[in-house]
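Below is one structure, written out as structure tokens; comments come after it.
Every read-out reported here was derived from the displayed coordinates using simple, explicitly stated rules and does not represent laboratory data. Computed from a predicted model, the values in this text were never measured in an experiment. Ideal geometry is used to build each Cβ from the backbone, glycine not excepted, and the neighbour counts take in all protein chains shown.
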């Protein structure tokens, strides 16, 4: 790769796209100013300090490398007060403080009529801090005893998202440094939980997607959180060890959802920079991210959300998103050029409207994606670490897939939901319609149900079902159903 291009994520984006990007950011920044002014007026009479999310992201109790932090748990992670810390010696800070969680899960997936079974036990642990330093890791035991004939022998029918293969490996092994609540750096085998185009934890998977590299977060104050990421490998679902392959790579053992044209051509690394801002009560937030996916694409992305609370029960949400993408690497150094499936060239915008009243909420989403007629997927988006998993931030992504897995075009999504039994039971149906240009149109029906059993804190039942209506050219109609039991301690 040309080293000069590595100096800037956006150096090889086209000039006309940069102008469009500038206009989009200018519009959102003006919205930020307006919302911030109104936020200050609304909270002028509040005496106590309200900390914005950025101020709490970095703290000794945040444990951002723990995928289970904040979830209902029967034990595990503890909070240590400042007064306790002052009385502890070094050994107590290392070993008595810190965090740990033990997670166990068993899941069944019916994928287009094929039965798939998987189970796993995961352990996360992180020491307490001494002079700002702590250390931690995440160990997974997925299907340690192979289930053999219970699962399909044909890779195409195996639920790779579980995964179904044996995976006994550390997925995280890191060193962390914090300075007050201003700076945090994590290096090693890490998870990334605040970057919209990188997959980490998924509520229906047995293990994680983690990365080899470093992430630095800085809280300079004023509601800002700045992030920098440098990665040179990833560990996909079911993979033992890290590699430079991405979710576009076809591997008959770990991932059969990739692009056959791409083969084994991976990415030499990823650089990303992000800026997140929010008002003190988080009624308005805004973020901008830039990604350099080496050998794949350069992606610029921004989104913003405005929450309008009428009262404790009634509220509205308005969201906007957009971005631009070009190829990274010239000629054969770009995976998509090398595969002769079109150059990466894409633009996208989206809007979302939300409504909530008491136990009911409704989300309406829209996306439009376009690009050059000779571009990959007619101007489709390239996302190396969300492709095939439907974990991208587009407003119209379904449970089975989204526009990243389709092509350029437009899409809309209708997603009502119910929160019952004091919010311990969530029921979320949805409908996605994909009017794609480089592929025949398709649509999807989904239903997801999550029940956090209050009588057994940490015990969760998840069920999901998705049915995709698509042409025979795309493989014909297909469906997937899942039932998962998990316990977190």
### Message
Under the 0.36 nm per residue contour assumption, what length would be gained going from the current alpha-carbon distance of residue 443 and residue 421 to full extension?
### Response
4.8 nm
### Computed over the chain: relative contact order in percent, which uses C-alpha pairs under 8 Å that are six or more apart
12
#### Entry: Zero-based 5 Å bins, Cα pair distances in the range 222-378, whole percents
2, 8, 13, 15, 15, 15, 12, 10, 7, 3, 1, 0
### Task
Work out the FRET efficiency for residue 373 and residue 469 from their Cβ-Cβ distance, taking R0 = 30 Å, and round it to the nearest 0.05.
0.65
### Summary
With only helices counted (DSSP H, runs n ≥ 4, each -39500 (n - 2.57)), the per-residue ellipticity at 222 nm for the chain, to the nearest 500, works out to -2500 deg cm²/dmol
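Full extension from residue 106 to residue 366: what is 0.36 nm times the residue separation minus their Cα-Cα distance, to one decimal in nm?
90.1 nm
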### Task
Please report the Cα spread of the chain along all three principal axes, rounded to whole Å, starting with the longest.
66, 57, 51
### Task
Quickly rank 89-95, 231-237 as a protection proxy: mean count of other C-beta atoms within 10 Å, highest first.
231-237, 89-95
### For peptides 166-175, 384-393, 412-421, sequence by mean Cβ density within 10 Å, most packed first
384-393, 166-175, 412-421
### Point-to-point label distance, residue 461-residue 166, nm (Cα→Cβ direction, 7 Å offset)
3.2
### Task
Mind putting together the pair-distance distribution for the range 363-434? All Cα pairs, 10 Å bins, whole percent per bin, short to long.
20, 43, 24, 9, 3, 0
## Note on the structure
Checking rank on 332-343, 361-372, 188-199, with mean other Cβ inside 10 Å and highest first, the result is 188-199, 361-372, 332-343
### Task
Pull out a ≥ b ≥ c, the square roots of the eigenvalues of the alpha-carbon gyration tensor of the range 122-184, then state rounded if a/c is under 1.5, prolate if not and a/b is larger than b/c, and oblate in the remaining case.
prolate
## Note on the structure
Rounded to the angstrom and largest first, Cα extents along the principal axes for the range 153-211 equal 52, 24, 15
